Amino acid sequence: MDPHIIIEKYCNRNSLTYTILVEHSKMVVRKSLEIARRVKHMEPDEAFIDEAAMLHDIGIFMTCEPAIGCYGDREYICHGYLGRDLLEREGLPRHALVCERHVGLGLTLDDIERQKLKVPLRNMLPITLEEKIICYADKFYSKRIDALDREKPIEEVRKNIGKYGHDQLKRFDELHKLFSK
């Protein structure tokens, strides 16, 4: 399976969305594989990580985020479940779950209800090792066109995540402890 074929099916190669999606995803792939090799004893599926990390943000084009070239009709937080729906239709159910479960540090039913998020009412926490690796790696890269290849320092990542509450930061810290060895 070539993730680029799927990306090109939904994003014009000459668009800002495509550039940002592909460059951001390449950085997440690199970081994810770096982490996977660090925790080789846990037997992560590196081939799957390579594909799923490339596709984890496929749903962004359906959201309204003009700064990254996206002019859809949904809020940005929806890109995870929208990506899941899209990849399920493409016959990639395992990849689809990575899309849904990487948003934030995952979303619990309580998070969704308490914050009145416009996403389906279901738990969207990363469960598998591969989902956790990709979710964690994603937090180190932005989609800002001027910073796509810049890895954020851990302090900046924690500060950004802390804005979304103690639970999100706690989940990040647990993953950091697991993957930073």
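Observations, loosely collected:
- In the range 161-169 there is at least one residue that is within 17 Å of the chain's Cα centre (by Cα) and more than 18 Å from LEU109 (Cα to Cα).
- Helices (runs of 4 or more DSSP H) fully within the range 11-110 that include at least 1 residues being in contact with a Lys or Arg (Cβ under 8 Å, 6 or more places away or on another chain), more than 19 Å from LEU129 (Cβ to Cβ) and among the hydrophobic types (A, V, I, L, M, F, W, C): 16-38, 79-89.
- PHE61 vs. criteria over 22 Å from PRO153 (Cα atoms), in contact with a Cys (Cβ under 7 Å, 6 or more places away or on another chain), at pLDDT 95 or above and not acidic (Asp, Glu): yes
- Any hit, the range 129-137, residues being among the hydroxyl-bearing types (Ser, Thr, Tyr), in contact (Cβ under 8 Å) with a residue 24 or more places away in the chain, part of a loop (DSSP other than H, G, I, E, B) and buried (at least 16 other Cβ atoms within 10 Å of the Cβ): no
- Counted residues, the range 46-89 - those being in contact with an Asp or Glu (Cβ under 6 Å, 6 or more places away or on another chain) and either farther than 19 Å from LEU107 by Cα or of a type in the set (Phe, Trp, Tyr) (or both): 4
- So LEU121, is it in a helix (DSSP H, G or I) and modelled with pLDDT of 95 or more: no
- Residues satisfying the stated conditions in the range 6-33, i.e. touching a residue at least 60 places away in the same chain (Cβ under 8 Å) and of a type in the set (Asp, Glu): GLU23
- Against the conditions (1) closer than 24 Å to LEU148 by Cβ; (2) under 14 Å from the mean Cα position of the chain (by Cα), LEU97 satisfies every one except (1).
- Scanning the range 41-97 for residues being touching a His at 6+ places or on another chain (Cβ under 7 Å), surrounded by fewer than 24 Cβ atoms within 10 Å (Cβ to Cβ) and under 15 Å from SER25 (Cβ atoms) gives a total of 1.
- Only one entry of PHE172, PHE140 meets the criterion of being of a type in the set (Phe, Trp, Tyr), at pLDDT 95 or above and in a helix (DSSP H, G or I), and that entry is PHE172.
The values are calculated or read from the model by the stated rules, or taken from the named source; none is laboratory data. Values in this document were obtained by computation on a predicted structure and should not be read as measured data. Backbone-built Cβ (ideal geometry, glycine too); neighbour counts: all protein chains shown.
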